[in-house]
1. Find out how many positive minus negative residues lie around GLY165, taking Lys and Arg as positive, Asp and Glu as negative, among other residues whose Cβ is under 12 Å from that of GLY165.
2. From zero up to wherever the largest Cα-Cα distance of the chain sits, split into 10 Å bins and tell me the percent of pairs in each.
3. For segment 32-110, list log₁₀ I(q)/I(0) at each q in 0.11, 0.25, 0.26 Å⁻¹, using the Debye formula over Cα point scatterers of equal strength and ignoring solvent, two decimals each.
4. Looking at the chain, what % of its DSSP beta bridges pair antiparallel, to the nearest 5?
5. What span do the alpha-carbon atoms of segment 120-190 cover on each of the three principal axes, reported in whole Å from largest to smallest?
6. Could you work out the helix-only [θ] at 222 nm for the chain, with each DSSP H run of four or more residues adding -39,500 (n - 2.57) and the total divided by the number of residues, to the nearest 500 deg cm²/dmol?
7. Summing Lys, Arg as +1 and Asp, Glu as -1, what charge do residues with Cβ under 14 Å from the Cβ of MET183 carry, MET183 excluded?
8. Ignoring any ligand, DNA or RNA, what whole percent of the accessible area of segment 84-178 comes from carbon and sulfur when the probe is 1.4 angstrom?
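The values are calculated or read from the model by the stated rules, or taken from the named source; none is laboratory data. Quick caveat, the model's predicted, so the values are computed rather than measured. Heads up, the Cβs are rebuilt from the backbone with ideal geometry, glycines too, and the neighbour counts pull from every protein chain shown. Areas reflect the complete protein model, heavy atoms only, side chains present, ligands, DNA and RNA absent. Shrake-Rupley method; radii C 1.70, N 1.55, O 1.52, S 1.80 Å.
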Amino acid sequence: FTIARLKYTGGGDWYSDETSLRNLLRALRERGDVRVGQEQEAVVTPTDPEIWNYPMLFMTGHGNVKLSQDEVRALRSYLDAGGFLWADDNFGMDKSFREVARRLYPESPLVELPFDHPLFHHPTAFPAGAPKVHEHDGGSARVFAVIRNGRIVVLYTFDCDIGNGIEDLGIHDDPPEKRAAAMKFAINIATYVVTH
């Protein structure tokens with residue numbers, strides 16, 4: 001199993017949550033359920049041929065997300081062929097990311113995942129949905145997806161900040177229970193990618 005960070009243009013800080021993927025890869029390796037093929041994150045753009053080496057892409061940021069038409073086409077080809085994109089709003093990318101998702105799949109809009117979806121139940125049960133790490137606007141944590149032929153191709157975690165929750169200790173002032181819940185949920189996401 002491998003993960004790459006998706007680099008995009010538009011002024012958003014695509015590089016934020018710098019320690020998140022490294023920590024997720026380490027946690028997956030320590031659990032032993034998923035064979036992990038890397039220790040550090042890779043970085044790819046939508047048109048990078050290397051994208052095909054990574055079954056899961058992660059993107060985050062606080063600002064504007066922009067993809068050219070060629071990038072949208074390339075990313076959709078990757079997703080249609082079995083790839084998976086997890087977008088984690090780090091507070092501020094909601095409007096622009098929703099537009100990117102609409103351009104990727106105009107015929108399959110983002111829908112909110114029901115709490116009985118397998119993503120919320122394996123290997124750790126989250127019967128009330130994703131954990132909320134940071135308050136942001138105070139709304140409840142929400143998880144959206146683009147689903148194609150019964151499979152999530154785009155996952156969007158909104159108003160919960162899972163990426164911040166799995167960063168190195170001390171970067172954010174999050175209590176241990178929030179950090180643990182965030183990591184367990186991130187492991188659920190990776191497990192879903194491996195098993196679907």
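1. It works out to a net charge of -4.
2. Percent of Cα pairs in each bin: 9, 40, 40, 11, 0.
3. Rounded to two decimals, the profile gives -0.31, -1.36, -1.42.
4. About 35 percent, rounded to the nearest 5.
5. Its Cα atoms span 41, 27, 20 Å along the three principal axes.
6. Calculated from helices alone, the mean residue ellipticity at 222 nm is -9500 deg cm²/dmol.
7. Here the charged neighbours net out to -2.
8. Carbon and sulfur: 56 percent of the exposed surface of segment 84-178.
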